[in-house]
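Quick note: the coordinates plus some simple rules give every number you see, no bench work behind them. The structure displayed is predicted, hence computed values, not measured ones. Every residue, glycine as well, gets a Cβ built from its backbone with ideal geometry; the counts of neighbours run over all protein chains shown.
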Amino acid sequence: MKKSRVTFGILLIAIILTMIPLAVACSQATTGEAKILKIGMITSLTGPMAPAFKPMLDAAKPVEDLFNNKGGINVDGQQYLIQIVSEDDKSSPPDAVSAATKLIGEEIKFIIAPMFLANNIAIGQICEEAKVIRSVAMGIDPMVYGKDNYYHIDALASFYQIGPVYDYLQKNYPQVKKVAIIPPDDPGIVFARDYGPKEIQKRGYEIVFHEPYAVTTTDFYPIVTKALAQKPDAIDCITSILPWGAGIINSAREQGFKGPIFAPCMFGDINILNSMIKPEYAYDIFCGGPDVLSDKMPDLVKEFRPLVEQTTGAPMNMDNVNVLQALWPMIQGIEKAQSLDTDKVMKALEGMKTVKTAWGEGAWAGEDVGVLNHLIKMKNVPLTRIMNGKLEFDYLK
């Protein structure tokens, strides 16, 4: 009896040992080894705009780690790890085309598009012909999303924030009746420069000044002096980059202007802006954009923050988040389509009622302004205000 048990035990072990390689083989056949999904990113690594876009380059590896630490993405049973391939547009449209040509030659089908509008427009035709999906982190001008740019998406159409930000102005600053508009003379915001005044007038405000400044401006005292001569109650910058916004704010406050100063389509990272303003001037300043360091940001952004800060040794900023902002909708489209075929991915994206972004939930829009429904409009607009040198961030419902 004892010998029979021993024999049976040996036989059972032999069977189990025989089945282990088969189980492993079946597992490998089901899951396979992880493949690499290359995502192109075209930005200014060199050229005059390189310093402004360096934070995007810094964020490439942390974005890879953010998704790959979670196992990457799964497409039809195949695991893919993300790899961002950065190419230099040298701050010029011809070099942007060269960068796109190189990425397409490497059979890369998904590209984080350059933030500089002229470069983004320049790569349009070659990307469309190759059916390459490109996503820009945020854009103001919707006119580049016509039928000739089917494979192009705007991960945040910030001009949609203009109306809600004016509603915020009305509610919180009822004393404001007259508005001065001081926008940059930038081709990328021509649509917003026309759209904004219409939204102002809908709400009964009087526009007492509307004059753009050259993007090369460093001394804002002259144009702000002209604006203040018209006795505005508020100053609307439409949008800006940090040096422009800080220049306008400091110049206006130095001349005694105490009213609200705002940018519906953002100043840039508002934490950095706050550090550039004289402390005694840091009040009643707001923009249609988030405090990316806030606990009210989406969970994925909060997970992203330590990865960025470990890499850069500095606080995460909005330009770091722009890489995640541009990539995330494309990943959602791939996962929904369960395919890397860009036609199928675009159809999947178009069918999504809600799109997650680094700023919160959004939905597709664009047809209301005469273009393709490839613009993401925030369901709740993020708004951050500087009061007494401190940031107050919440979403406009």
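For the listed peptides 166-174, 242-250, a ranking on the average number of other beta carbons within 10 Å per residue, highest first, reads 242-250, 166-174. With both residues required to sit in the chain, DSSP beta bridges show an antiparallel share near 40%. What is the distance in Å between the Cα centroid of the range 51-92 and that of the range 309-374? Between the Cα centre of the range 51-92 and that of the range 309-374, the gap is 14 Å.
What would the Debye equation give as log₁₀ I(q)/I(0) for the range 46-85 at q = 0.21, 0.28 Å⁻¹, counting only Cα atoms as equal point scatterers? Computed log10 I(q)/I(0) values: -0.67, -0.89. For the residue pairs K171/K226; K54/K131; K278/K390, alpha carbon separations beyond 23 Å are given by K171/K226; K54/K131. Could you calculate the FRET efficiency of I36 with V176 from 1/(1 + (r/R0)^6), where r is the beta carbon distance between them and R0 is 41 Å, rounded to 0.05? Efficiency, from the Cβ-Cβ distance: 0.15. Here each label is just a point 7 Å from Cα along the line to Cβ, and for Q338 and A314 those points are 4.4 nm apart.
The HN-Hα couplings worked out from phi for the range 352-369 by the Karplus form 6.51 cos²θ - 1.76 cosθ + 1.60 (θ = phi - 60°) are 7, 6, 10, 10, 7, 10, 5, 9, x, 7, x, 9, 6, 8, x, 4, 5, 10 Hz, whole numbers, x standing for Gly and Pro.
Evaluated at 20 °C with a viscosity of 1.002 mPa s, what Stokes-Einstein diffusion coefficient in µm²/s does the range 291-333 have when Rh comes from the Kirkwood expression over alpha-carbon pairs? Using the Kirkwood radius from Cα pairs, D works out to 199 µm²/s. Think of each Lys and Arg Cβ as +1 and each Asp and Glu Cβ as -1; about the Cα centre, that makes the dipole of the range 33-74 roughly 60 debye. Taking packing as the residue-averaged number of other Cβ atoms within 10 angstrom, the listed peptides 106-115, 221-230, 289-298 run from highest to lowest as 106-115, 289-298, 221-230. Residue by residue, the range 286-291 carries 3J(HN,Hα) couplings of 8, 8, x, x, x, 8 Hz when phi is fed to the Karplus relation 6.51 cos²θ - 1.76 cosθ + 1.60 (θ = phi - 60°); x denotes Gly or Pro. The candidate values were [x] 39, 24, 21; [y] 48, 23, 19; [z] 75, 42, 17; the one computed from these coordinates for semi-axes √(5λ) of the Cα gyration tensor in Å carries the label [y]. When the C-alpha to C-alpha distance is required to be over 21 Å, the pairs from K147/K344; K38/K70; K178/K258; K347/K377; K336/K397; K35/K61 that qualify are K336/K397. Other residues whose C-beta falls under 10 angstrom from the C-beta of D394 contribute a net charge of +1, scoring Lys and Arg +1 and Asp and Glu -1.
Annotation: amide H of G288 within the under-5 Å range of A263, C265, M266, sequence separation 5 or more or interchain, hydrogens built in the peptide plane. All C-alpha pair distances within the range 149-246, sorted into 10 Å bins from zero, spread as 14, 46, 32, 7, 1 percent across the bins.
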